[in-house]
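For reference, the structure is listed below as structure tokens.
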Amino acid sequence: RQNPLFSLFQVVHAHKPHFMALHCQEFGGKNYEASMSHVDKFVKELLSSDAMKDYNRARVYLDENYKSQEHFTALGSFYFLHESLKNIYQFDFKAKKYKKVTGKEIYSDTLESTPMLEKEKFPQDYFPECKWSRKGFIRTRWCITDCAFDLVNIHLFHDASNLIAWETSPSVYSGIRHKALGYVLDRIIDQRFEKVSYFVFGDFNFRLDAKAVVETLCAKATMQTIRAADTNEVVKLIFRESDNDRKVMLQLEKKLFDYFNQDVFRDNNGTALLEFDRELSVFKDRLYELDISFPPSYPYSEDSSQGRQYMNTRCPAWCDRILMSHSAKELILKSENDEKIVIYDHIGPNVCMGDHKPVFLSFRIAAGAGKPIANVHKCCVVQ
């Protein structure tokens with residue numbers, strides 16, 4: 001079985017980033033009490049690996065405080081600085097000033113008291129049916145070659161039931177995600193700090209418009225509804241071809257999305273389904289995303305021999321994304337150098353990486369690129 005870190009290291013080797021940010025969600029997994037020992041092993045392996053030996057400074061922020069239900073987000077944010085990178089500063093949100101980054105530091109358990117980040121868990125009433133939701137965000141701010149930007153690690157709410165997601169278009173769950181993402185965007189541009197460009201990346205849990213997808217995939221099918229005998233509640237929908245021996249095309253349950261032909265999600269990277277990826281459209285005035293040219297990032301089989309196979313629990317969707325403010329878009333697409341190589345892709349297409357495939361964005365920022373955006377040329381004066 002291939003180590004998923006190896007796929008990450010291949011990307012690092014190929015793109016040789018000078019500044020690398022790695023955002024993890026559900027760090028330690030859903031059964032975190034049993035998994036936290038694996039977290040320590042993962043962190044040690046990452047920091048000591050040969051692939052990362054030229055990164056002489058690092059900051060690691062791990063929310064491992066699973067005993068604190070009101071704060072625990074299971075987020076992990078890693079930042080690596082290449083030895084060739086001079087003068088990089090990180091913002092102290094309490095002191096409201098930048099501090100030069102030296103050495104390697106790991107923070108866990110005590111993220112609430114770390115002034116170098118802002119961390120918040122979404123209010124319980126955002127997603128009332130999930131009693132112990134871990135969804136939230138971590139924000140850090142950096143300044144490289146006079147260019148300041150925020151990096152936000154985010155985890156938004158999932159779809160609890162395929163049957164409920166199918167009922168309306170847009171679904172009730174997409175409304176909940178919309179509210180939570182709006183909350184984060186308002187928070188990072190509020191009046192407390194100078195406005196800078198920002199990148200928001202993580203598991204947005206964006207789903208395809210289930211009603212529209214099912215109606216398209218099963219346009220010529222007839223639907224059979226199966227109800228629970230005692231409550232009369234709908235527990236299963238079966239879509240059969242009208243002819244062709246009434247072959248079953250799709251079975252839908254709370255946690256089952258079993259479509260007979262997975263190739264539709266893989267062919268041409270699932271591009272035909274992008275028209276149903278609509279959740280970001282609400283934010284088009286605030287957020288920008290490069291064109292997606294990789295297949296849906298979730299839900300992959302966790303069988304290590306099935307790296308390309310989707311699980312039949314959910315309709316495959318582009319849950320994992322890298323979004324940015326329009327000023328950040330100007331930063332990466334209008335750099336003053338000739339190497340405007342911007343790559344937005346997924347990691348480990350044929351390797352089991354867990355139920356999500358990580359995505360990455362690689363770009364270059366020219367020296368001074370941030371100056372026209374805001375008054376950032378003085379941002380890195382360290383007091």
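Here are a few things to note about the model shown:
- Residue in segment 188-214 that is most open to solvent (accessible area, probe 1.4 Å), counting only those that are among the aromatic types (F, W, Y) and in a loop (DSSP other than H, G, I, E, B): F193
- Among residues of segment 12-55, those that are of a type in the set (S, T, Y), touching a residue at least 24 places away in the same chain (Cβ under 8 Å) and either over 21 Å from D203 (Cα atoms) or open to solvent by 80 Å² or more (accessible area, probe 1.4 Å) (or both), counted: 2
- Restricting segment 143-164 to residues that are acidic (D, E) and assigned to a loop (DSSP other than H, G, I, E, B), the residue that is least open to solvent (accessible area, probe 1.4 Å): D159
- Of all residues making up segment 263-302, the number that are over 19 Å from the mean Cα position of the chain (by Cα) and open to solvent by 70 Å² or more (accessible area, probe 1.4 Å): 6
- Across segment 90-105, not a single residue is classified as under 20 Å from the mean Cα position of the chain (by Cα), within 30 Å of P17 (Cα to Cα) and of a type in the set (K, R).
- The C-beta contact set for segment 267-281 (first residue closer than 18 Å to L323 by Cα and part of a helix (DSSP H, G or I), second residue open to solvent by less than 60 Å² (accessible area, probe 1.4 Å) and among the hydroxyl-bearing types (S, T, Y), distance under 9 angstrom, 6+ apart or interchain) comprises E279/S174.
- Note on segment 123-141: among residues that are of a type outside the set (K, R) and crowded, with 22+ Cβ neighbours inside 10 Å, the one that is nearest to D258 (Cα to Cα) is G136.
- Those residues of segment 1-27 which are modelled with pLDDT under 90 and either under 16 Å from the mean Cα position of the chain (by Cα) or under 15 Å from S49 (Cα atoms) (or both), in sequence order: N3, P4, F27
- Close pairs from segment 302-318: first modelled with pLDDT under 95, partner open to solvent by 60 Å² or more (accessible area, probe 1.4 Å) and of a type in the set (K, R), Cβ under 6 Å, at least 6 apart: S304/R1
- Filtered by the rule that a residue be of a type outside the set (K, R) and in contact (Cβ under 8 Å) with a residue 24 or more places away in the chain, segment 282-294 gives V282, F283, L287, Y288, E289, L290, D291, I292, S293, F294.
- Per-region count, segment 68-113, residues open to solvent by less than 10 Å² (accessible area, probe 1.4 Å) and either under 24 Å from K44 (Cβ atoms) or at pLDDT below 95 (or both): 14
- Scanning segment 165-187 for residues being aliphatic (A, V, I, L, M), open to solvent by 10 Å² or more (accessible area, probe 1.4 Å) and either in contact (Cβ under 8 Å) with a residue 24 or more places away in the chain or under 19 Å from K329 (Cα atoms) (or both) gives a total of 1.
- Whichever residue in segment 56-67 is out of contact with any Cys (no Cβ under 9 Å at 6 or more places or on another chain) and open to solvent by less than 10 Å² (accessible area, probe 1.4 Å) and, among such residues, is modelled with the lowest pLDDT: D63
- Selection status of F9, touching a strand residue (DSSP E or B) at 6+ places or on another chain (Cβ under 8 Å) and surrounded by 15 or more Cβ atoms within 10 Å (Cβ to Cβ): no
- Residue check for K86: without any contact (Cβ under 8 Å) to a residue 24 or more places away in the chain, more than 18 Å from the chain's Cα centre (by Cα) and not in a helix (DSSP H, G or I): yes
- Among the residues making up segment 128-147, those that are over 11 Å from A74 (Cα atoms) and at pLDDT 95 or above are R139, T140, R141, W142, C143.
The values are calculated or read from the model by the stated rules, or taken from the named source; none is laboratory data. Not measured: the values here are computed from a predicted model. Because the Cβ atoms are built from the backbone with ideal geometry, glycine has one as well, and the counts that use them run over all protein chains shown. SASA here: full protein model, heavy atoms, side chains in, ligands and nucleic acids out. Shrake-Rupley method; radii C 1.70, N 1.55, O 1.52, S 1.80 Å.
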